[in-house]
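Take a look at this one; I'll ask things after.
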Amino acid sequence: MKTVIVIGAGFAGLSSATFLAKAGYDVTILEKNDSLGGRARVWETEGFRFDMGPSWYWMPDVFERYFKSFGYEVSQLYNLKRLDPSYRVIFGPNDYEDQSANMEELEAMFERLDPGSSSRLRKFLKEAAYKYEVGIKDLVHKPSRSILEFADLRILKGLFQLDLLKNMRKHVAEVSTHPKLKAIMEFPVLFLGALPQNTPALYSLMNYADMSMGTWYPEGGMHKIIEAMVKVAKEQGVKFRTKAEVTGFKYAGKKIVGVLTKTGGFSADIVVAGADYHHIDQEVSDANKREYTKRYWEKRKMAPSSLLFYLGIKGKVPNMLHHNLFFDHELDQHAAELYSSPQWPSKPLFYASAPSKTDASVAPDGFENMFLLMPTAPGLSGDTEELREKYYHIMMERLEQFTGSSIRDRVVVKRSFAYSDFITEYNSFKGNAYGLANTLDQTAILKPRLKSKRISNLYFSGQLTTPGPGVPPTLISGEVVSKEIEKEFKLK
Ligand SMILES: Cc1cc2nc3c(=O)[nH]c(=O)nc-3n(C[C@H](O)[C@H](O)[C@H](O)COP(=O)(O)OP(=O)(O)OC[C@H]3O[C@@H](n4cnc5c(N)ncnc54)[C@H](O)[C@@H]3O)c2cc1C
């Protein structure tokens, strides 16, 4: 039996560990924090249960496929509910649109705002369905170690249809240039950490995921996915060590033979780094064994960091759905402050989630559970309490104005989480919240590679390598890396 040490218990670490344990490897996960889930940890206090990171459950087929690999239907592990409307997009104090889960109603909204656009939307989604089929069922499962992996007939034939060379902004404009529809259609690619004009139109597959496949919610919260993954991992024999931050490796030539933590060492035949790639490469590996230079990392385009607030509110907040996007200022200005001239935003857009609208179990009776997220540029200095408070009031002002209700005086629980917490809690490069941006020049073989070239038994998974950021891709990342290990370190 070969011993595998997996560093980090986020989606990628849990996924790779579970696939490898199923294949017969002896797997231990070493996790720095005292709880599991990584960026998808949960924070419980005073009867509130806050999902600390992801809140959008998209691409349910990816989760079905994952759990089926271990003999489970999702329904045996948690109850999934489709949200309808999927979300609310707020354009001003009395101005919003709800994204219906019903395609006819969605098309009616497009017609109302831009007559003639619904038939163009239908065509757009038909093409997006093809991209989803090829992208999520095929491309993302490639380890991206060689361009030859992509030389398969279906992909070559489909290259034109995959729209790799067109950008999302242009593609969306083919459906409508109405500012509201543009915002609604460009929003899903923001998950990929880059601007619509820098994101290949391949990613209209995200619109298919949004509009055609829907927004779902696991009863009890997103952390139910982590709980289910941990249950399945344990059943497959994965062992867990929390409060076990990896600080270095012991080598024999080009090979790691031991993984060091502050409290002891673990021998290893194979290592999977599920923690942020940059951290393992630049801070944990020996200087002469690093995969990339400091300069290489400085040149990577990272997805944004975020300023988050977890709020427990006495009484209910009216006029809110489970997911609410405050697009009441210009996206382009906030985007420029995220990407082209990084700075703290002057007129930020933000996202407000109120899972207690769907799920009574996440807040005490008569209270609201709310989460605010404001994207910020990665690598910004000046993350102080005063600055966090300033943005808290900016967001709350708009929230109170839109909902027509005073909220600040009803807040009974409040915790912020931002740039510097991403670094101390997750060893995140530049405080990124969701990894490496999915721009064309950081796609597939152009991403940091999944297998080290300098250390013969070190692999990487997670949101800084292939296939990219987000819960479904990181689940897949763990599977992809485990298949590579199974090929290269065969068990007798
Ligand atoms: C605020 C926020 C909102 C998001 N919203 C969504 C959403 O709605 N939908 C969606 O699909 N995606 C969303 N994402 C993205 C998604 O959550 C991430 O892409 C995914 O969780 C990343 O998983 P991972 O396993 O790659 O990394 P992580 O979850 O970061 O896991 C890495 C683990 O490694 C541990 N670690 C770090 N250093 C060490 C060390 N030296 N030794 C041991 N352990 C170590 C960390 O503590 C962590 O547990 C969101 C992310 C954030 C932050």
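Please tell me the relative contact order of the stretch 68-153 in percent, rounded to the nearest whole number, where contacts are Cα pairs under 8 Å and at least six residues apart.
Relative contact order here is 13 percent.
Further question: The stretch 1-67: which GluC sites (Glu not before Pro) are DSSP loop and have at most 11 other beta-carbon atoms within 10 angstrom?
Here the sparse-neighbourhood loop sites are GLU46.
Please give me, ordered by residue number, the chymotrypsin sites (Phe, Trp or Tyr not before Pro) of the stretch 281-324 that lie in loop per DSSP and have at most 14 other Cβ atoms within 10 Å.
For chymotrypsin sites (Phe, Trp or Tyr not before Pro) across the stretch 281-324 that sit outside H, G, I, E and B with at most 14 neighbouring Cβ atoms in 10 Å, the list is empty.
On a C-alpha basis, how far is the centre of the stretch 63-137 from the centre of the stretch 195-260 in Å? Whole number, if you could?
Taking the Cα centre of the stretch 195-260 as reference, the centre of the stretch 63-137 is 23 Å away.
Can you pull out the trypsin sites (Lys or Arg not before Pro) in the stretch 432-484 that DSSP calls coil and that have at most 13 other Cβ atoms within 10 Å?
LYS453
A follow-up question, please. Under unit Cβ charges (Lys, Arg +1; Asp, Glu -1), what dipole magnitude, rounded to 20 debye, does the stretch 310-433 have relative to its Cα centre?
That gives a dipole near 240 debye.
When the Cα centres of the stretch 328-404 and the stretch 421-466 are compared, how far apart do they sit, in Å?
If we compute the Cα centre of each part, the gap is 26 Å.
Quick one: grab the alpha carbon gyration tensor of the chain, order the square roots of its eigenvalues as a ≥ b ≥ c, and give me rounded if a/c is under 1.5, else prolate or oblate depending on whether a/b is larger than b/c.
Prolate shape, in that a/c is at least 1.5 and a/b is the bigger ratio.
Sum -39500 (n - 2.57) across every DSSP H segment of at least 4 residues in the chain, then divide by the residue count to get the 222 nm mean residue ellipticity, nearest 500.
Rounded to the nearest 500, the figure is -9500 deg cm²/dmol.
Computed from the coordinates by the stated procedures, all read-outs in this text should not be read as laboratory data. These numbers were taken from a predicted model, which means no experiment stands behind them. A quick note on method: Cβ atoms are made from the backbone with ideal geometry, for glycine too, and the neighbour counts reach across all protein chains shown.
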